[in-house]
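Engineer: Once you've had a glance at the structure underneath, I'll fire off some questions.
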Amino acid sequence: MVPAEGAVDISPSALVIVQHRGPSTADDSVSPLVMPTQPPLRHRAGRLDYMAGNPERDDEADAQQVVTAITGVRLAHADRYGGADYRSVDGSVALEVTTVTDRAAKAARGPLLELIGSRSSSADLNECWLVSVNERHAPLKGVSERVLPHLVVLSSAGLRYVRRQSAYGFRNDAASVRDAVAELIRQGVELAASPTGICPRTVHDHTVLWTAGGGGVASSSDAALSAVEKDLNARADNFDKLADTNAASTHLFVWVDSETSFAVTRAFLHRVEDAEPEFNLPTRAPQLSGPVTNLWIVHRGTRNGWRWDGSVWRAVSASTITATPSP
Ligand SMILES: [Zn+2]
């Protein structure tokens, strides 16, 4: 299905292409903090035209569509010679797109690397799920086949959220549910969740999206914001590009993804209105060491996120944009 113009394509096929991080596409020669979502194949095919400047990447185009759909500002790709990614026609708005992901967790992941970011389909699920498994838990081989039947039990029982620490909370459920929860934990599952909005609105087979587990304690949205700020403040490139534009309104759009530390991504499992209080919008302004007037943080898998508009945080739901694209 071809999405309407301006819509964000969150069909399962698009997500597989974007998020698959198997060994064949892992590219450690590129800064791991900036996920190269445009497959290296494109470069090898000789389509990279240096005279035309930097090609627009999928993650950039995706972010630009989200920003335009929400703010109404038309943006044109502007990163011809290494500057900011997008500018408005009048030059008053600049947009830079980046990704915060977890280099250390990726390096430590080993055999889980093939699983992270991939999807497993199951016709028996009633909705799509996100599952994070402990990367230190063995054996990982075949874990998706062992986990799926137990997810189906939870799905059939109408349950949408299980984490290792909450197993005790199922003591009053049916024996089949208790057994499924116990077995998931035995398989190293840290969290299994089907957050609101995870299913694309187009016809699809429900899938399990495998995400990174460890890598910090997920305590609150403020803590998640701190982790993102620490990553952004450790590299000056995004700030420099925005500063060079002299734009009055400077937007930094940060994707987090299935490789980002769970301490960050936990806040984006649910839409803000459905989240627990500690995972609601951050309670403080962002603290960045560069000239960013608008900060966006959005999860590529769940499409949930936040935006700082210069004075307050607002919830972002990019899957809603898909259903009702801006005219
Ligand atoms: Zn689904």
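The values are calculated or read from the model by the stated rules, or taken from the named source; none is laboratory data. Model, not experiment: these values are computed from the prediction. Here the Cβ is made from the backbone with ideal geometry for all residues, glycine too, and neighbour counts use every protein chain on show.
Engineer: Of the residues T265, T260, only one is without any contact (Cβ under 8 Å) to a residue 60 or more places away in the chain, buried (at least 21 other Cβ atoms within 10 Å of the Cβ), over 20 Å from D309 (Cα atoms) and within 15 Å of the chain's Cα centre (by Cα); which? Steps first, answer last, please.
Structural biologist: On the way: T260 fails: without any contact (Cβ under 8 Å) to a residue 60 or more places away in the chain.
Unique residue meeting the criteria: T265.
Engineer: Would it be correct to say that A192 is among the small types (G, A, S) and within 16 Å of the ligand (Cβ to nearest atom)? Give the derivation first.
Structural biologist: Numbers: among the small types (G, A, S): yes; within 16 Å of the ligand (Cβ to nearest atom): yes.
Here the answer is yes, as A192 does meet what is asked.
Engineer: Another one. So which residues in segment 246-295 are part of a loop (DSSP other than H, G, I, E, B) and of a type in the set (G, A, S), if there are any at all? Let's see the steps before the verdict.
Structural biologist: Restricting attention to segment 246-295, the residues satisfying the condition of being part of a loop (DSSP other than H, G, I, E, B) are 246-248, 257-261, 269-271, 275-276, 280-293.
A247, A248, S258, S261, A275, A285, S289, G290, listed by residue number.
Engineer: May I ask you to say which residue of A247, A285 is surrounded by 15 or more Cβ atoms within 10 Å (Cβ to Cβ) and in the same structural domain as Q64 (by TED's automatic domain parsing)? Quick ask: steps written out before the conclusion?
Structural biologist: Details: A285 fails: surrounded by 15 or more Cβ atoms within 10 Å (Cβ to Cβ).
The match here is A247.
Engineer: Kindly establish whether D231 is surrounded by fewer than 17 Cβ atoms within 10 Å (Cβ to Cβ) and among the charged types (D, E, K, R). Before you say what the answer is, go through the steps one by one.
Structural biologist: Numbers: surrounded by fewer than 17 Cβ atoms within 10 Å (Cβ to Cβ): no; among the charged types (D, E, K, R): yes.
Against the criterion (surrounded by fewer than 17 Cβ atoms within 10 Å (Cβ to Cβ) and among the charged types (D, E, K, R)), D231 does not qualify.
Engineer: Just name the residue that is modelled with the highest pLDDT out of those in segment 199-221 that are within 16 Å of the ligand (Cβ to nearest atom) and in contact with an Asp or Glu (Cβ under 7 Å, 6 or more places away or on another chain).
Structural biologist: Here is the first cut: in segment 199-221, the ones within 16 Å of the ligand (Cβ to nearest atom) are 199-211.
Narrowing the set further to residues that are in contact with an Asp or Glu (Cβ under 7 Å, 6 or more places away or on another chain) leaves 199, 206.
On the way: C199: 78, H206: 87.
Residue satisfying both the conditions and the ranking: H206.
Engineer: With respect to V133, is the statement that it is touching a residue at least 60 places away in the same chain (Cβ under 8 Å) and either buried (at least 21 other Cβ atoms within 10 Å of the Cβ) or within 16 Å of the ligand (Cβ to nearest atom) (or both) true? Write out each step before concluding.
Structural biologist: Numbers: touching a residue at least 60 places away in the same chain (Cβ under 8 Å): yes; either buried (at least 21 other Cβ atoms within 10 Å of the Cβ) or within 16 Å of the ligand (Cβ to nearest atom) (or both): yes.
For V133, the condition - touching a residue at least 60 places away in the same chain (Cβ under 8 Å) and either buried (at least 21 other Cβ atoms within 10 Å of the Cβ) or within 16 Å of the ligand (Cβ to nearest atom) (or both) - is met.
Engineer: May I pose another question? Looking at (1) buried (at least 21 other Cβ atoms within 10 Å of the Cβ); (2) at pLDDT below 85; (3) within 22 Å of the chain's Cα centre (by Cα); (4) not hydroxyl-bearing (S, T, Y), can you tell me which one V143 breaks?
Structural biologist: (3)
Condition check ((1) at pLDDT 90 or above; (2) away from the ligand (no atom under 16 Å from the Cβ); (3) among the hydroxyl-bearing types (S, T, Y); (4) over 30 Å from F239 (Cβ atoms)) across all residues:
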position: R74; (1), (2), (3), (4): yes, yes, no, no
position: D85; (1), (2), (3), (4): yes, yes, no, no
position: A104; (1), (2), (3), (4): no, yes, no, no
position: A108; (1), (2), (3), (4): no, yes, no, no
position: G117; (1), (2), (3), (4): no, yes, no, no
position: S122; (1), (2), (3), (4): no, no, yes, yes
position: L125; (1), (2), (3), (4): yes, no, no, yes
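Engineer: Can you pull out every residue in segment 235-286 that is modelled with pLDDT of 90 or more and touching a Leu at 6+ places or on another chain (Cβ under 8 Å)?
Structural biologist: R235, N238, F239, L242, T250, H251, L252, F253, V254, P282, R284, P286
Engineer: Among (1) more than 16 Å from the ligand (Cβ to nearest atom); (2) closer than 23 Å to S317 by Cβ; (3) not assigned by TED's automatic domain parsing to the domain that holds A69, where does D179 come up short?
Structural biologist: (2)
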